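Working notes for the structure below.
The values are calculated or read from the model by the stated rules, or taken from the named source; none is laboratory data. Owing to the predicted nature of the structure, the values given are computational and were not obtained by experimental measurement. Every residue, glycine among them, receives a Cβ derived from its backbone with ideal geometry; neighbour counts consider all protein chains shown.
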Amino acid sequence: MKSILVLNGPNLNLLGTRQPEVYGSTTLAEVEAMCRDTAETLGISLALEQSNHEGALVDFIHDAKGVHGGIVLNAGAYTHTSIALMDAIASVELPTVELHLSNVHAREPFRHVSYISKVALGVICGFGPAGYPMAIRALAERLEGPA
């Protein structure tokens, strides 16, 4: 399936205004436009979702099965707390790229723990909004399979 779900978690709706010294000044709408441009260049379909609610994120992951070939997930703070998101990803068996705008390993110790990475194909962090096109390209390449 040449379709990817880009899923953003809590507080990412505030991009551009929330702690710009950490997360930058790019808005979620601008990130989504970058994602659409990348998908168009690659010739793949893309769905974009954001929620501040853990259960809604779980529902988006469940609904992705049979519709999308993979998921790019910026789970925000749920990365460090949500066994439910980890279980949802494991349950749908879709390749998932964990994404963070900041370098979580250079921040507070509690951010060094990720439940998502335990079931993720890979992790991209610290590249700001440029991480989204990186994640989409990497996932699209994986979905394409061997040349």
Residue identified as closer than 12 Å to residue 7 by Cα, buried (at least 24 other Cβ atoms within 10 Å of the Cβ) and of a type outside the set (A, V, I, L, M) among 98, 54, 49
98
Criterion first (assigned to a strand (DSSP E or B) and modelled with pLDDT of 95 or more) does residue 67 satisfy it?
no
Does any residue in the stretch 23-40 that is surrounded by 14 or more Cβ atoms within 10 Å (Cβ to Cβ) and modelled with pLDDT of 95 or more come within less than 7 Å, Cβ to Cβ, of a residue that is of a type in the set (D, E, K, R) and in a helix (DSSP H, G or I) six or more places away or on a different chain, and which pairs are these?
38/137
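Out of the residues in the stretch 38-77 meeting the condition of being of a type in the set (D, E, K, R) and touching a helix residue (DSSP H, G or I) at 6+ places or on another chain (Cβ under 8 Å), tell me which one is nearest to residue 14 (Cα to Cα). Reasoning before the result, please.
To start, the set of residues in the stretch 38-77 that are of a type in the set (D, E, K, R) comprises 40, 49, 54, 59, 63, 65.
Those left that are additionally touching a helix residue (DSSP H, G or I) at 6+ places or on another chain (Cβ under 8 Å): 49, 54, 65.
Numbers: 49: 14, 54: 17, 65: 28 Å.
By that ranking, first place goes to 49.
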The conditions are (1) surrounded by 13 or more Cβ atoms within 10 Å (Cβ to Cβ); (2) in contact with a helix residue (DSSP H, G or I) (Cβ under 7 Å, 6 or more places away or on another chain), and residue 110 fails exactly one of them. Which is it?
(1)
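Would you tally the residues in the stretch 1-22 being surrounded by 14 or more Cβ atoms within 10 Å (Cβ to Cβ), on the phi < 0 side of the Ramachandran plot and not small (Gly, Ala, Ser)?
Our first condition is that a residue be surrounded by 14 or more Cβ atoms within 10 Å (Cβ to Cβ); within the stretch 1-22, this holds for 2-13, 15-16.
If we keep only those that are on the phi < 0 side of the Ramachandran plot too, we end up with 2-10, 12-13, 15.
With the extra rule that they be not small (Gly, Ala, Ser), the set shrinks to 2, 4-8, 10, 12-13, 15.
Total meeting the criteria: 10.
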What are the residues in the stretch 7-60 that are part of a strand (DSSP E or B) and within 14 Å of residue 101 (Cα to Cα), if any?
7, 8
When residue 90 is run through (1) touching a strand residue (DSSP E or B) at 6+ places or on another chain (Cβ under 9 Å); (2) more than 19 Å from residue 13 (Cα to Cα); (3) outside any loop (DSSP other than H, G, I, E, B), the failure sits at (1)
